[in-house]
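See below for the structure under consideration.
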Amino acid sequence: MGVIQRVVKPRNKKSRRALEEREPKAIETLKQALIIRGSHTSETVREVLKDLATLKKPHAISFSKKNDYRPFEDPVPIETIGVRADASLFVLGNKTKKRPNNLTFGRTFDGKLLDMVELGIDHYVPLSQFDSDSKIDSGIKPCLIFNGPLFDTVPELARLKSIFIDFFRGPIVNKIRLAGIEHCLSFTAVSETKVSLRSYKIAMKKSGTRFPRIELIDMGPHMDCSLRRTHLASEDLMKSALKKVKNINKVKKIKNVSKDGLDNTFGRVHIQSQKVGEIQTRKRRALKPSLEEKKEAASQKAKEVEEAHRKNVEAVFMETD
């Protein structure tokens, strides 16, 4: 029996803004990731979850308590937590007698499970066993490298590559300076079921030329894993998840507006002809008409009325003739 989701109605402006932040956006913010600890975990799985949260900081939400989640049997609990935390990525670590050292990477779309891949950890070297001088600051956008043609030919590995890109890519930027490239994540497809992960710090040394000499410093972690169960989205669901709004970055042109070299905005306004003499202005004693001007204006108006009356009478007589 499915869980009935109640409709949350905002009671104040703060809650209304919070719900608006969770609504689908044309330009999405950086995806949050849930780091979930299963009901039974080994020391290796706990180290992996801890290091993944470190690499994903500050966009990771770690669950320190045990959670009896089985996404392949029932994805509803993870979907519910993802909606509440506004997180569309998750990693679940657990162990069973049948699947020791188990790691599940997954994504959700519109509050529902999109796809997930289960990995078995064959070998792992945690961050704590590497030199502390090789560490980097949190929040740095990494350089992702995928080695091997199997990431493009095997459907399961192609989907795993897409999940890894979503998980590790960091903020989307238009430009990046050379000194800001400090971290490199290398994924290698050893076979159709074996994948290895290596993490390096990028050091730029003097080379005597315009371009620096690049050195890779092993900073950890190291992980060798094997592919287990997969849950891949259908083509229609994946197509709707990848759908983009057309001309989202196109700026609507405003007519009769131009800018000069100093970035000053000039606009041209077209209005109908106005009777300036009938514009209501502030009355001042010096600008008031004199008595003679009033008499002259009254006589002029009387002449105009008399002339108009005469023309009307002549028109009537001409029609009778």
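The numbers here are math on the coordinates, done by the rules we state, and not lab data. Computed from a prediction, not measured in an experiment: that's the story for all the values here. Using ideal geometry, Cβ is built from the backbone for each residue, glycine included, and neighbour counts are taken over all protein chains shown.
Values as computed for the structure displayed
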read-out: Which listed pairs, of Lys9/Lys244; Lys66/Lys243; Lys31/Lys112; Lys13/Lys255; Lys31/Lys161; Lys9/Lys65, have C-alpha distances above 26 Å, in listed order; value: Lys9/Lys244; Lys66/Lys243; Lys13/Lys255; Lys9/Lys65
read-out: When segment 173-300 is reduced to its Cα atoms, the Kirkwood hydrodynamic radius in Å; value: 25.2
read-out: Rounded to 5, the percent of DSSP beta bridges in segment 1-130 classed as antiparallel; value: 60
read-out: Exposed-site-free run, longest, the chain (rule: GluC sites (Glu not before Pro); DSSP loop; at most 12 other C-beta within 10 Å); value: 193-321
read-out: Farthest toward positive dipole pole in the chain [+1 Lys/Arg, -1 Asp/Glu at C-beta], among Ile217, Gln300, Ile172; value: Gln300
read-out: For segment 33-43, 3J(HN,Hα) per residue [Karplus equation, 6.51 cos²θ - 1.76 cosθ + 1.60, θ = phi - 60°, Hz, x = Gly/Pro]; value: 10, 9, 9, 10, 9, x, 5, 10, 9, 9, 5
read-out: Debye intensity ratio I(q)/I(0), log10, segment 1-129, q values 0.12, 0.23 Å⁻¹ (C-alpha model); value: -0.51, -1.45
read-out: Cβ-placed point charges (K, R +1; D, E -1), dipole of segment 29-230 about Cα centre in debye, nearest 20; value: 360
read-out: Pairs of Cα atoms farther than 31 Å apart, the chain, %; value: 53
read-out: Summed side-chain charge close to Arg310 - residues other than Arg310 whose Cβ falls under 13 Å, Lys, Arg +1, Asp, Glu -1; value: -2
read-out: Percent RCO, i.e. relative contact order, over the chain, from Cα pairs under 8 Å lying at least 6 residues apart; value: 14
read-out: Under-5 Å amide H pairs with Gly220, H placed in peptide plane, nonlocal only; value: Ser199
read-out: Sequence of Val117, Val195, Val76, Val257 once ranked by neighbouring C-beta atoms within 10 Å, starting from the fewest; value: Val257, Val76, Val117, Val195
read-out: HN-Hα J in Hz across segment 73-85 - Karplus 6.51, -1.76, 1.60, θ = phi - 60°, x for Gly and Pro; value: 8, 8, x, 4, x, 5, 4, 5, 5, x, 5, 5, 8
read-out: Backbone HN-Hα couplings from phi across segment 151-158 [Karplus 6.51/-1.76/1.60, Hz, Gly and Pro as x]; value: 5, 10, 9, 8, x, 5, 6, 5
read-out: Loop-resident sites, segment 221-300, for trypsin sites (Lys or Arg not before Pro), counting at most 11 other Cβ within 10 Å (DSSP); value: Lys243, Lys244, Lys246, Lys250, Lys252, Lys253, Lys255, Arg268, Lys275, Arg282, Lys283, Arg284
read-out: Fraction of beta bridges assigned by DSSP in segment 29-230 that are antiparallel (%, nearest 5); value: 75
read-out: Low-density loop cleavage sites - trypsin sites (Lys or Arg not before Pro) in segment 109-185, where at most 12 other Cβ are within 10 Å (DSSP); value: Lys175, Arg177
read-out: Loop-resident sites, segment 109-209, for chymotrypsin sites (Phe, Trp or Tyr not before Pro), counting at most 16 other Cβ within 10 Å (DSSP); value: none
